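Inspection log for the structure reproduced underneath, given as structure tokens.
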Amino acid sequence: MDDPFELTDADTRPEPSAPPATAGGMHLERLNETQREAVESIDGPLLVLAGAGTGKTRVLTTRLAHILMQGRAHPGQMLAVTFTNKAAREMRERVAQLVGRPVEGWWVGTFHHLGARLLRHHAEAVGLTPNFTILDQDDQVRLVKQFLDVHEIDDKRFPARTIAGVIQRWKDRGLTPDKVTLNEGADMADGRILALYADYQARLAQVNAADFGDLLLLCLELFANQPDVLVRYQNQFRYLLVDEYQDTNVAQYLWLRLLAQGHRNICCVGDDDQSIYSWRGAEVGNILRFEDDFPGAKIVRLERNYRSTPHILAAASGLIAHNEGRLGKTLWTEMNEGEPVRVRGVWDGEEEARGVGEEIEALHGKGHALNQIAVLVRAGFQTREFEERLITIGVPYRVIGGPRFYERQEIRDAVAYLRVTAQPDDDLAFERIVNLPKRGIGQATLQPIHLLARAERISLGRAVRKLIETDEIKPRARKSLADLMADFERWRGLAEMVGHPELAETILDESGYTTMWKQSKAPEAPGRLDNLKELIAALEDFDSLAAFLEHVSLVMENEDSMIEDKVNLMTLHGAKGLEFETVFLPGWEEGLFPHQRALDDGGTGGLEEERRLAYVGLTRARQRAIVSFAANRRIYGTWQSAVPSRFVDELPDDNIELESAPGLYEGTSAGFGGLEDAADAFVSAGWRSRRRRKAVTLEDTDWRVAERKAPAGGFEEGERVFHQKFGYGRIVAIDGEKLEIAFEKAGTKKVMMSFVEAT
């Protein structure tokens, strides 16, 4: 079989003197004016700023076909970079359709694919042989684990997956071990991470392997050490085309810039307003400095949108205009005006989910396809309330880009602890968590437990109770099991004295499970902790632990069916590149969106990326976009007043319609005399003053404002009060604006002072 990476004559033969026929330029007739300009500007560096829904893919494929049809290059003299294999396949297919024949021998694919193809040719120059192995992430982590042991680095403090992630980020920045400084984090792993990185790279060479980061890093090393090789490829590739340029990292940027120095015919297509992957190493600065990197570069802005209505585009453009780090463009369309972006204030997250569910039902009743509806959240834990609501009303849904809430690893683990507490003979749950976190209970310990359980036809838990009284199990494991069984007995006793949410929190804390994730340096650890907190909050909605566990069982039975028409739930990050008729954007509140972690870690840059994320969310919608925020949000079991996101205030007045869900002001400690007072309260809850006048004009909105008496002079311990959700109770303790109240039916809760009234 021929080597698929072997250079052919077509890669290096000279440019033909005359172009072939182009079928009358029919391939250009379907383009608008700026699209055609981007396709026909084939000489010199070109940056195509392609706004959302502006026909970027059509421009990419037509440009490639145009170069071939004009005879400006042979397939082997063209390099086209995509970010996914799927995009590469689609590009090949569409170009073949345009030119009327399969295109053979050209260089099209992802950075990793093209880097591997190039390295196969020159493997010996970087210490490998052409048949080198490419390690996947699991192989990489296992190899790192070996060197943690060699260097006697505690893998609990510095997990192998975390160290592998650090190494990958260095490679994404083009940093070999000799280029990493202490300022780059080389003091990690007790100051031995650089030695580990160097040993890891040496071991890869010894076993003739490379990881994904090496596929470009070794290319950069090759170009630096073998300038003749670099010149060869600079001469070969007459035309370079790069998709999603705003998502490139440093190594990818350097690789492209070097290859483009030959003919300088590089076309980068991207959207600086959709750069949302800095946490993956993407550098928005790559696209912002294109003109500096390639003097004389031409910029073509694709601004005519074929996806969304004018109101949606204007709202998104007005929002993103608040970013300073951008090249700038304004999307427009010839579509009908459509609906304004609806901005809805609700009382709490539960009402938000209920409102979204009701609107989905109404839309579906009018013939709207469910698979053309999306609920886009900022954080994964937000999907729970929407999942619960859609299950309740019987609307099928799918979670894209991740498992459903109750299918997530940390949630399954936590529920297993609760199941064993409530049902001591639940073998499946017991086996899942018996060594989680690690307690030194391996297969050698579990084997005699299983044998006894089968022989006496008893549960694993009962078998353990018998075996810990014997010497069948080694002392260390026996003690771990005895401690675990004692913990379960204590938790069962505690269940009779405390509420089930408090019990669950105690179990997760005392078992060490929460601590395990707190100590983990894995990038997903903070999100898993958020989900665990959300689980505790979810327990508040059930009368007992048994009722909750039954609910979970029913939810898990609601697996994917043969129904294809389903509502889409996903994070905003996962929605990039997708589009839907109707998009719901819940949770637009300060601290949630923009996310507080992004603000703390990234400062102004973090805020601007969060704003780009909001822009991406809005531009996923074709016909309608509904933004919502809650006046109150239960954050992991504690009610807090929520302030609307600054992004809400940045939406242009002329393109939005403000709504207040029924009952928004019910439960507040102040009485409102009418719509004007309600608008004042809306402002005091976080709206900017310029919103007030417009809110007052919404005469068709159902503002149901409850007349409530404000307590005279504050609250005192022992005072009897009323809460809209939890009913009557007495104040046990006062902490600033928070009250601890012993409710007559709901037990002791911590609530915000503004949520209760004197009786």
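The values are calculated or read from the model by the stated rules, or taken from the named source; none is laboratory data. Model, not experiment: these values are computed from the prediction. A quick note on method: Cβ atoms are made from the backbone with ideal geometry, for glycine too, and the neighbour counts reach across all protein chains shown. In case anyone asks, the SASA skips ligands and DNA or RNA and just uses the protein heavy atoms, side chains included. Shrake-Rupley method; radii C 1.70, N 1.55, O 1.52, S 1.80 Å.
Side notes on the structure shown:
- Selection count where residues are surrounded by fewer than 19 Cβ atoms within 10 Å (Cβ to Cβ) and within 13 Å of residue 246 (Cβ to Cβ), scope segment 257-276: 0
- For segment 406-446, taking the residues that are within 17 Å of residue 509 (Cα to Cα) and part of a loop (DSSP other than H, G, I, E, B), the one that is least open to solvent (accessible area, probe 1.4 Å) is identified as 434.
- Restricting 463, 482, 477 to those that are in contact with a Ser or Thr (Cβ under 7 Å, 6 or more places away or on another chain), crowded, with 16+ Cβ neighbours inside 10 Å, among the aliphatic types (A, V, I, L, M) and at pLDDT 85 or above reduces the list to 477.
- Scanning segment 145-162 for residues that are open to solvent by less than 70 Å² (accessible area, probe 1.4 Å) and assigned to a loop (DSSP other than H, G, I, E, B) yields 151, 153, 154, 155, 158, 159.
- Long-range neighbours under 7 Å by Cβ, at least six apart or interchain, first residue assigned to a helix (DSSP H, G or I) within segment 387-404, second basic (Lys, Arg) and open to solvent by 30 Å² or more (accessible area, probe 1.4 Å): 389/354
- All of 123, 88 fail the test of being touching a Ser or Thr at 6+ places or on another chain (Cβ under 6 Å), open to solvent by less than 40 Å² (accessible area, probe 1.4 Å) and more than 14 Å from residue 241 (Cβ to Cβ), apart from 123.
- Exactly one residue out of 301, 326 is open to solvent by 10 Å² or more (accessible area, probe 1.4 Å), among the charged types (D, E, K, R), over 21 Å from residue 378 (Cα atoms) and at pLDDT 95 or above, and it is 301.
- Criterion: in contact with a helix residue (DSSP H, G or I) (Cβ under 8 Å, 6 or more places away or on another chain), crowded, with 19+ Cβ neighbours inside 10 Å and at pLDDT below 85 - qualifying residue of 538, 575, 598: 538
- Screening segment 499-550 for residues that are free of Cβ contacts under 8 Å to residues at least 12 places away in the same chain and in a helix (DSSP H, G or I) and picking the one that is farthest from the chain's Cα centre (by Cα) gives 547.
- Contacts under 6 angstrom Cβ, first residue in segment 428-441 being farther than 17 Å from residue 453 by Cβ, partner part of a loop (DSSP other than H, G, I, E, B) and not aliphatic (A, V, I, L, M), 6 or more apart: 437/512
- Condition check for residue 452: under 43 Å from the mean Cα position of the chain (by Cα) and among the hydrophobic types (A, V, I, L, M, F, W, C): no
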